[in-house]
Amino acid sequence: MHRLRTTMARLRPLTAAQSAQSISQPRLLAIEGGLRTFKPARRLNTSVAAEPFLNGTSSNYVEEMYYAWLENPRNVHKSWDIFFRNANAGAPPGAAYQSPPPLSGSSQGLTGVQALMGAQPNLEKLVQDHQAVHSLIRAYQVRGHHIAKLDPLEISCVDFDDTPCTVGFQNVGVYGLAESDLDKVFRLPTTTFIGGSESSLPLREIIRRLEMAYCQHIGVEFMFINDLEQCQWIREKFETPGIMQFSLEEKKTLLARMIRSTRFEEFLQRKWSSEKRFGLEGCESLIPALKTIIDMSSLSGVESVIMGMPHRGRLNVLANVIRKELDQIFCQFDSKLEAADEGSGDVKYHLGMYHKRMNRVSDREISMSLMANPSHLEAVDPVVQGKTKAEQFYSGDTEGKRVMSILLHGDAAFAGQGIVYETFHLSDLPSYTTHGTIHVVVNNQIGFTTDPRMARSSPYPTDVARVVNAPIFHVNADDPEAVIYVCKVASEWRNTFHKDVVVDLVCYRRNGHNEMDEPMFTQPLMYKQIKKQKGVLQKFAEKVIAEGVVTTQAYEEEVVRYDKICEDAYNRSKDEKILHIKHWLDSPWPDFFNLDGQPKTMHSPPTGISEEELKHIGNIASSVPVEDFTIHGGLSRILKGRANMVDQRVCDWALGEYMAFGSLLKEGIHIRLSGQDVERGTFSHRHHVLHDQNVDKRICIPMNYVSPDQAPYTVCNSSLSEYGVLGFELGFAMASPNALVLWEAQFGDFNNTAQCIIDQFISSGQAKWVRQNGIVLLLPHGMEGMGPEHSSARPERFLQMCNDDPDVFPKITENFAVHQLYDCNWIVVNCSTPANYFHVLRRQILQPFRKPLIVFTPKSLLRHPEAKSSFDDMLPATIFKRLIPEEGPAAASPEKVKRIVFCSGKIYYELTRERKNRGMDDTVAVIRIEQLSPFPFDLVKAETDRYSNADLVWCQEEHKNQGYHDYVKPRICTTTNHTRPVWYAGRDPAAAPATGNKKTHLTELQRLVDAAFDLDAFSGKI
């Protein structure tokens, strides 16, 4: 009784007014998404009015009538409906009944009825008592998790608003009940399953069953979900009496998994006590939790699982979930281990892996990928989702029944990292959904040294998941059986509804942030309690031994057996002398490379296509290949302009992109273009998705009509996210080398909010994880007086991260350009012609390896009359031009040229215009470096040798401390063996990328072109 009173006192009840409203079934159904209704157990005679039955009517009959009304007011006569509505609204005894208007239109007096009702106030009391019980049940469903015993340490500081609460048997009047009602039997509503096969229970038993369902080691948050079917599904999984039962075999399996999880960590602690490993101590139940999710998912037909996680527990997951060879893990602790040629790799608790094996529970083969992840904890979330989406796409899994994702999180990171929110909001978007992710939060109840009260503003770290109506199952991680049950339910939820779900493992961190950390500095009371805490394996072993599931001897033999497995692997690990990172690939491409992981050839074929194909794709690009489709008048003019260009054998930027995409699609290469407003294009130039002006949601994608047997083209506007969406597209590109995956920033400047993905995954992914990736970043760039946030894609940042040496002139060999591309970490280009853009996109797929491609795309050049290319520049035998030499009068008499102006991108057109105005076409050569990295040393040398009498100037529109200058200058100097200085013509150094004042912009532009053509400007300067 004391426990019952304490529980009731801590639950926050609804107010009396809320109780009356909340228990009203029509209102309850509306709150829970109810446009649906339940069928009554027995339909009463709805033609019978209330008045004749009020005098002497049995309470049982009224109660049945009341429940029929709760299920649907139309189940009863209108007079009963009015009566129950008035009673619900708090009408005093005798005033609840009103006679409905008679069909004849005449009225009847109510005096007799009111007298009868005044003599029988027990009817209102019956209604009120049931309302109170229903409100009590609902309070447990909504708030039971507040008082569940979730924290193994029993020191939880979750803040649920400390408003005083008077609920309890000492104050049952809050619910309108008395303690004498405890043994009274009440009819259960249809929104609970606590009765099992019984429809009525005593109040005392109702509360006991609610306690068992919602206030033990599992806390369930789900009543915010606005779908009645989903809420009912969850209620059934937790309220049904005796539902959490395990067979003898299941308990033995759970014990074996707990032994592996715990003894693995203890083995590492014995062997490498002074090494960081970010062990799992305090949450050892994570391993059986993950294995249960995988088992249940495999039984449901899942064939592939892609996982992402932070570093805590990663080695244990690799060993006991993914089943990485233990000797390969143990050898990572050897400080004498040498790196193989592929690179130094990453620390052991960042590495990922791919493995395919048989699942013993389902007897089905299942492949598992644990994605490599840096210390930027949640950065891997969208990457996992993208790879999952790609595998679903390529396997035709349109419902996510064969491929799924599991994401593991830390509590502080889950609440604190915005990428979690961005990733959740991709979960139900048509082009991004993975049809449900199971999120497992390892809730340490602390972030490094930061107390939850300082780390988040919400009661739970998981509250962010509520934005997508994901149910949240909190569970005490020291109760392995509760953990396993919750994971079973989560797996069934994902398989049933294909929506996200969160499992919150409330645990603790036995050793501090890492094994070298001293947590007592900052959390003395918590860690005093942790030191007293009995290990979860010990507690569970004692429980199952007491239950007779296993004997003490059998338990100890299982421990010894696993210890021997670890010891044998440790002895084998001593033979490993070299670290082969390729053993840790999380996304292998088995058919793309040779067995040794090298390209099958180092030859890059020409990227041009036939004129017939160019015309065919151009005709598709300028037409609407769907009948009775009305397009916008302005778009008609754009398509007509494209048709004219095809007739003239030229293309602009948009048409050049169309040519590249269309030709690759025809060759069977899937293309996915994603980003903000990419369907139309930020600058209204692309128009890859046409919208019928008369029919809502009717669209046409002409690119999908290039050829009957073409690959599909996916173009999709993204959410207003850069970090999350770029990570998603990176993951998508990991799944297959035979796809062109592009992400376009709305403006190139906005890539800075995705900098974590760029730094940690794209630029360094191959060096850390031998992970080749062909993702393409399209970054609109150019100074046009549009202000500091709409001008610069920050090329200096990308170039700073390039791995080529500015001080070493490479040895020029056969296929030099291809070898350069193979050795670089990524490719950075700034194309000035549509043809070169066409070629670089096709080269991205046709070259025998994959590298990320950074393209600084134009804005004003999209419609510049000079920025057009002839079909001749895209025909067979043509290729991407890493450098475009001077082709005007200066090229005819190189000995007369006094200055070479090297530049890149849009500034070329401003320079040539100025050169023509000054009449300097034969004295100044303007040379475009189209591929900045890897730097075209061979071609630059040829040009500097050709114009041996000319001084050298690098000209850019960006500020001196930005753009390409700091990258290009030392490489040109190396090319000339430092015999000729390289002067700078451009804007002065500045903190902001650009001015927002148009006049200032034009003044700066004129000043820099003046410097570029003033042949005496740098005279005498060193």
Could you give every pair whose Cβ atoms fall below 6 Å, whose first residue belongs to segment 940-961 and is under 16 Å from E930 (Cβ atoms), and whose second residue is of a type in the set (G, A, S) and part of a loop (DSSP other than H, G, I, E, B), counting only separations of at least 6 or pairs across chains?
-> Q956/G963
Looking only at residues in segment 673-701 that are on the phi > 0 side of the Ramachandran plot and among the charged types (D, E, K, R), which one is surrounded by the fewest Cβ atoms within 10 Å (Cβ to Cβ)?
-> K697
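Yes or no, residue by residue, for (1) farther than 23 Å from E422 by Cα; (2) part of a loop (DSSP other than H, G, I, E, B); (3) of a type outside the set (G, A, S):
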| position | (1), (2), (3) |
| --- | --- |
| P737 | yes, yes, yes |
| W743 | no, no, yes |
| T753 | no, no, yes |
| Q766 | yes, no, yes |
| L777 | no, no, yes |
| M783 | yes, yes, yes |
| C802 | yes, yes, yes |
| D805 | yes, yes, yes |
Across segment 522-538, what is the total count of residues that are exposed (fewer than 15 other Cβ atoms within 10 Å of the Cβ) and modelled with pLDDT of 95 or more?
-> 1
Filter segment 658-709 down to residues that are among the hydrophobic types (A, V, I, L, M, F, W, C), outside any loop (DSSP other than H, G, I, E, B) and out of contact with any Pro (no Cβ under 9 Å at 6 or more places or on another chain), then give me how many there are.
-> 6
Of all residues in segment 224-249 being in a helix (DSSP H, G or I) and more than 33 Å from the chain's Cα centre (by Cα), the one that is farthest from Y214 (Cα to Cα) | E249
Since S180 meets every condition but one in (1) over 13 Å from G144 (Cβ atoms); (2) at pLDDT 95 or above; (3) of a type outside the set (A, V, I, L, M), which condition does it not meet?
-> (2)
Selected residue (criterion: nearest to the chain's Cα centre (by Cα)) from residues of segment 393-418 that are of a type outside the set (G, A, S) and surrounded by fewer than 24 Cβ atoms within 10 Å (Cβ to Cβ) | Q417
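Residues are listed down the side, and each one gets a yes or a no for (1) in contact with a Leu (Cβ under 8 Å, 6 or more places away or on another chain); (2) over 17 Å from T857 (Cβ atoms); (3) surrounded by 19 or more Cβ atoms within 10 Å (Cβ to Cβ):
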{"residue": "E667", "(1), (2), (3)": "no, yes, no"}
{"residue": "I671", "(1), (2), (3)": "yes, no, yes"}
{"residue": "M703", "(1), (2), (3)": "yes, yes, yes"}
{"residue": "P737", "(1), (2), (3)": "no, yes, no"}
Any chance segment 451-459 includes a residue that's at negative phi, in a strand (DSSP E or B) and modelled with pLDDT under 95?
-> no
Kindly indicate the residue of segment 966-1015 that is assigned to a loop (DSSP other than H, G, I, E, B) and of a type in the set (S, T, N, Q) and also nearest to D749 (Cα to Cα) among those meeting that condition.
-> T995
Residues that are buried (at least 22 other Cβ atoms within 10 Å of the Cβ) and farther than 23 Å from S792 by Cα, drawn from segment 852-870 | S869
Residue check for L726: under 22 Å from G765 (Cα atoms) and in contact (Cβ under 8 Å) with a residue 24 or more places away in the chain = yes
Looking only at residues in segment 420-436 that are buried (at least 23 other Cβ atoms within 10 Å of the Cβ) and closer than 29 Å to G512 by Cα, which one is farthest from the chain's Cα centre (by Cα)?
-> V420
Looking at this structure, is F448 in contact (Cβ under 8 Å) with a residue 12 or more places away in the chain, closer than 14 Å to L377 by Cα and among the aromatic types (F, W, Y)?
-> yes
Residues in segment 564-584: is at least one in a loop (DSSP other than H, G, I, E, B) and surrounded by 15 or more Cβ atoms within 10 Å (Cβ to Cβ)?
-> yes
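Does V549 satisfy the condition of being in a helix (DSSP H, G or I) and more than 30 Å from S427 (Cβ to Cβ)?
When the stated conditions are applied, V549 does not pass them.
Filter segment 274-331 for residues that are part of a loop (DSSP other than H, G, I, E, B), of a type in the set (A, V, I, L, M) and surrounded by 24 or more Cβ atoms within 10 Å (Cβ to Cβ) and give the result.
Within segment 274-331, L280, V302, M309, V321 meet the criteria.
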Total residues in segment 264-296, condition within 27 Å of N359 (Cβ to Cβ) and in contact with an Asp or Glu (Cβ under 6 Å, 6 or more places away or on another chain) | 3
Please work out if I845 is over 21 Å from L911 (Cα atoms) and crowded, with 23+ Cβ neighbours inside 10 Å.
-> no
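The values are calculated or read from the model by the stated rules, or taken from the named source; none is laboratory data. Please read all numbers here as calculations on a predicted model, not as lab measurements. Neighbour counts run over all protein chains shown; Cβ positions are idealised from the backbone, glycine included.
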